[in-house]
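Peer 1: Could you have a look at this structure, given as structure tokens, before my questions?
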Amino acid sequence: MENKIKWGVIGSGGIAQRRTIPEGIVLAEHANLVAVYDINAEVNYTVAKKFNAKAVQSIQELIDADIDAVYIASPVNRHLEHAIACAKGKKHVFCEKPLGMTVEEAEKMIRICKQEGVLLGTALMMRFLAQHQAALKIIQEGKLGKLVYGRAQLSCWYPPIEGAWRQDPTVSGGGSLMDMGSHCIDLLEMFFGKVKSVSCFINNTVHSYKSEDSSVVSLLFENGALATVDSCFSIPDNSSKNILELYGSKGSILAKDTIGQGAAGEMIAYLEDDDTGYDANQVRTACEGVIINPTPVNTYLAEIEEFSCAILEKREPLNNAAIGLESQKILAACYLSAKTGKTVDV
């Protein structure tokens, strides 16, 4: 077990039970699940029994267990409290996005983890998708030319559910934008670089709960590229194809269903010759493009493995706190823009 990080989990129901524990912690070469905690004792016991872990009855009991790191998947309004408790218990912290409710909470998490000498990571797992990494390589090699425009979409059907914390912004920090749009914005930042300013609309188009069920964000990047993100809780699952579009002066990368919880989707690159001239007729010739289909990577496995190896190797993880803080700053600007009706600098 010397080359394995011993993990605890806070918030063992939800995404932890469905994805991160079975696909990530259990299968990772350098991870071992030791203990789990959830406010719902019955759910927690079921998860512990299923994955051969210890079901603890408090945060302190989890911290006192023989663990090295904690995966935090509790409601957003508890992220700060749980991260501080784990850090002060000298446990490394891997937290679901967003890092707390506000930029200030994210900064406090970062500061305390640094003071306590533990790593803080952000669970933005879609960065690890093999096709996203392949697209990033194409961009970094200059094959897309000067970056022009991007679009990222992630939507689902999320009807009113009693007790659903994502539908209450006092618990979740926001609705479809905070929960799903954040992934899209983070991906576009990975591809295009830092965001300079945003303009945002949010609405309750279909559902009447307190969090927004629809959002559209326009982004201006520091390099001059533009992008839009649309994320809704009000579109049926099969009707939203989770589109990713990346355009440059030399071509495009178009994808469907790469954004989401799966390990792969469809992605095609359309790359032009350097000597392409002006065509007044704007003729579109038939072109099949180049299919981008690297060996799929389970993103939950990849994020746990990366953070575990960073602890073992005493280095900063790729899924670090900095990307979580940047995400919070952009989201704060988005919600301010939606409130004021103005473009907001990040």
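Peer 1: What does the extension gain come out to for LYS194 and ALA41, with contour length at 0.36 nm per residue minus their alpha carbon separation?
Peer 2: 50.9 nm
Peer 1: In nm, to one decimal, how far is the modelled label at GLU2 from the one at LEU136, with both set 7 Å along Cα→Cβ?
Peer 2: About 3.2 nm, to one decimal.
Peer 1: Take the Cα radius of gyration of the chain and divide it by 2.2 N^0.38 Å, with N its residue count; two decimals is plenty.
Peer 2: Compactness ratio reported: 1.02.
Peer 1: Another question about this same structure. Reported to two decimal places, what Rg/Rh ratio describes the range 75-115 when computed on Cα atoms with Rh from the Kirkwood expression?
Peer 2: 0.91
Peer 1: Can you tell me the FRET efficiency between ASN293 and SER218 if r is taken as the Cβ-Cβ distance and R0 is 41 Å, rounded to the nearest 0.05?
Peer 2: With R0 = 41 Å, the Cβ-Cβ based efficiency is 0.85.
Peer 1: If you don't mind, there's one more thing I want to ask. Based on the inverse mean of 1/r over its pairs of different Cα atoms, what is the Kirkwood hydrodynamic radius of the range 35-179, in Å?
Peer 2: One decimal place: 17.6 Å for the Kirkwood radius.
Peer 1: Above 15 Å lies some portion of the pair distances; for the range 188-273, what is it as a whole percent of all C-alpha pairs?
Peer 2: It works out to 67 percent of all Cα pairs.
Peer 1: For the range 216-255, state what percent of all Cα-Cα pairs lands in each successive 10 Å bin, counting from 0 Å until the bin that includes the largest distance.
Peer 2: Once binned at 10 Å, the Cα pair distances of the range 216-255 give 22, 46, 26, 6.
Peer 1: Sticking with this structure for a sec: Please arrange ARG151, ARG315 by counting, for each residue, the other beta carbons lying within 10 Å of its beta carbon, fewest first.
Peer 2: ARG315, ARG151
Peer 1: While we're looking at this one, here's another question. Put one equal scatterer on each alpha carbon of the range 102-181, apply the Debye formula with no solvent term, and list log10 I(q)/I(0) at q = 0.19 1/Å to two decimals.
Peer 2: -1.05
Peer 1: According to a simple spin-label model (label point 7 Å from Cα along Cα-to-Cβ), what is the distance in nm between LEU27 and LYS256?
Peer 2: The two pseudo-label positions are separated by 2.5 nm.
Peer 1: With an 8 Å Cα cut-off and a minimum separation of 6 or more residues, compute the relative contact order for the chain in percent.
Peer 2: Here the relative contact order equals 20 percent.
Peer 1: By count of other Cβ within 10 Å, fewest leading, how are TYR149, TYR300 ordered?
Peer 2: Ascending number of Cβ neighbours within 10 Å: TYR149, TYR300.
Peer 1: Where in the chain lies the longest segment free of GluC sites (Glu not before Pro) that are both loop residues by DSSP (not H, G, I, E, B) and have at most 16 other Cβ atoms within 10 Å?
Peer 2: 30-140
Peer 1: Still on this structure, please answer the following. Positive end of the charge dipole of the chain (Lys, Arg +1 and Asp, Glu -1 on Cβ, about the Cα centre): tell me which of SER176, LEU124, SER74 has its Cα farthest that way.
Peer 2: Positive-most Cα among the choices belongs to SER74.
Peer 1: Tally Lys/Arg at +1 and Asp/Glu at -1 over every other residue whose Cβ is under 11 Å from the Cβ of SER176; what's the total?
Peer 2: -3
Peer 1: Now a separate question. Around VAL56, under 15 Å between beta carbons, what's the net of Lys plus Arg minus Asp minus Glu among the other residues?
Peer 2: For residues surrounding VAL56, the net value is -1.
Peer 1: So in the chain, what percent of DSSP beta bridges are antiparallel if you round to the nearest 5?
Peer 2: 60 percent
Peer 1: Same structure, new question: If you wrap the range 47-113's Cα atoms in a convex hull and average its projection over all directions, what's the area in nm²?
Peer 2: 4.5 nm²
Peer 1: Using the count of nearby Cβ atoms within 10 Å as a rough guide to exposure, how do LYS256, LYS250 rank from fewest to most?
Peer 2: Placing the least packed residue first, the sequence is LYS256, LYS250.
Peer 1: Another one. At 10 °C and a viscosity of 1.306 mPa s, what translational diffusion coefficient does Stokes-Einstein give for the range 163-319, taking Rh as the Kirkwood radius over Cα pairs? Give it in µm²/s as a whole number.
Peer 2: Estimated via Stokes-Einstein, D reaches 86 µm²/s.
Peer 1: Okay, next question. What does the net charge come to around VAL346 if you take all other residues with beta carbon closer than 9 Å to its beta carbon, with K and R at +1 and D and E at -1?
Peer 2: Residues close to VAL346 contribute a combined charge of +1.
Peer 1: Return the ratio Rg/(2.2 N^0.38 Å) for the range 93-241, where Rg is computed over Cα atoms only.
Peer 2: 1.13
The numbers here are math on the coordinates, done by the rules we state, and not lab data. If you're wondering where the values come from, they're calculated on a predicted model, not measured in any experiment. Counting neighbours? That spans all protein chains shown, and the Cβs are built from the backbone with ideal geometry, glycine included.
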